[in-house]
Amino acid sequence: MRWAVPVLVGALLVLSLAATPAAATPTHDETTFVVEIQENGDAVWTVSTTYVLENQSDEQAFETVRSDHESGADPSPDPALFEAAIDAVAAETNRDMELTGINRSSTVRDGENVSYGVLRLSFTWTNFAVVTEDKVSVDAAFAGGWFGDLAANQTLLLEPPAEYRHLRANPSTDIVNGGLQWEGPQTFEANEPTVVFEAFEPPPPGLEALLSPMAAGIGGAILGAALLFAWRRDLFGRSGDEASAQAAEPGDDTTEMGAAEPEPATPESGAEEPPAEPTPAVDTELLSDEERVEDLLQQNDGRMKQAKIVEETRWSNAKVSQLLSAMAEEGRIEKLRIGRENLISLPDETEE
């Protein structure tokens, strides 16, 4: 059995859009398969298909398709494709598997010159991975080659459970924010991809923050001692008079008698005032997800790449993508597509 889900998904979506009464068919931009592996072996799948909406006809065609998609009248992508795959893999592996929690959604987001329509299908595939004492293995979930190969505009991302990391993968690929990402065109063998994640102990919270000031303090003390030693030994090339004056003891006769002691500087005589107290850091635990994103953007001059937000928050790619799409619809952020990346920025508050 070798039938390609990415190919079937793309074909069904094109047929659905072509069947709409609108004059134009939106251009398929990309399809992303995000698989979030859970610690119990289940996997949460999110299939996102994006279309370019260049004009009003494209928008009308997409509105018809998104309505059918969300109602289930003509689901695209179709959960039936994955239900058939689950039955086949369950028989191949002798494991009880089930597709649960089906959810369909869609959104339209603005780009620089065009809009993008996105259809999403999410569900949970139970017993997708094999769980052992300290490993979670995606060993035979792709048995029989049901998934097929990735086309040039398709991406597969397997994300590990919390506090797990990649141990090995076949075929090898890039690690993106802790997950394994294959970008098309990509050919898979009959049982590929296979992945093994292993549990790991994260460093104690606050240890890194504690060690950094300690290291800085020790380094500063060593540097200060070295500079003082060099200065006392006249290694900086001071003049003979200056060196003699510094070497003299408080009661030495070389000190000029009657010289006026300099008065300590005061704020009235031009001395700099002490710096203002720093603004206390925001407690991120008290923020909502949207406020957390806005706080990160403010800390980075109002602009960040989407991948950087995933890295800073340690949320899944799927969660960040859905959150940013919702925030863009509400006008809280702006999204700009640059190549295969999204640039996220705060709205321009200077505009009237």
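The values are calculated or read from the model by the stated rules, or taken from the named source; none is laboratory data. None of the values given here were measured: they were computed from a predicted structure. FYI the Cβ positions are ideal-geometry reconstructions off the backbone, even for glycines, and counts take in every protein chain you see. Only protein heavy atoms, including side chains, enter the accessible area calculation; ligands, DNA and RNA are left aside. Shrake-Rupley method; radii C 1.70, N 1.55, O 1.52, S 1.80 Å.
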| Considering amide H positions built from the backbone, and no H for Pro or chain starts, which residues 5 or more places from Trp146, or on another chain, come under 5 Å of its amide H? | Trp3
| message | Per residue, how large is the accessible surface of segment 285-332? Use a 1.4 angstrom probe and give square angstrom. | response | 58 Å²
| task | DSSP loop (so not H, G, I, E, B), at most 13 other Cβ within 10 Å: list which GluC sites (Glu not before Pro) in segment 111-203 pass both filters. | result | Glu112, Glu133, Glu163, Glu189
| field | Accessible-area order (highest first, 1.4 angstrom probe) of the listed residues Tyr164, Tyr51 | value | Tyr164, Tyr51
| note | Extension length gain for Glu329 and His166 (0.36 nm per residue less Cα distance), in nm, is 55.2 nm
| Of all accessible heavy-atom area on segment 56-157, the percent that carbon and sulfur account for (1.4 Å) | 37 percent
| field | Average accessible surface area per residue within segment 65-213, 1.4 Å rolling probe, Å² | value | 48 Å²
| request: Determine which lysines satisfy two conditions relative to Lys335: a Cα distance under 26 Å, and not lying fewer than 8 residues away in the same chain. | output: Lys305, Lys308, Lys319
| task | On each of the three principal axes of the Cα atoms of segment 85-208, give max minus min coordinate, whole Å, ordered largest first. | result | 50, 48, 30
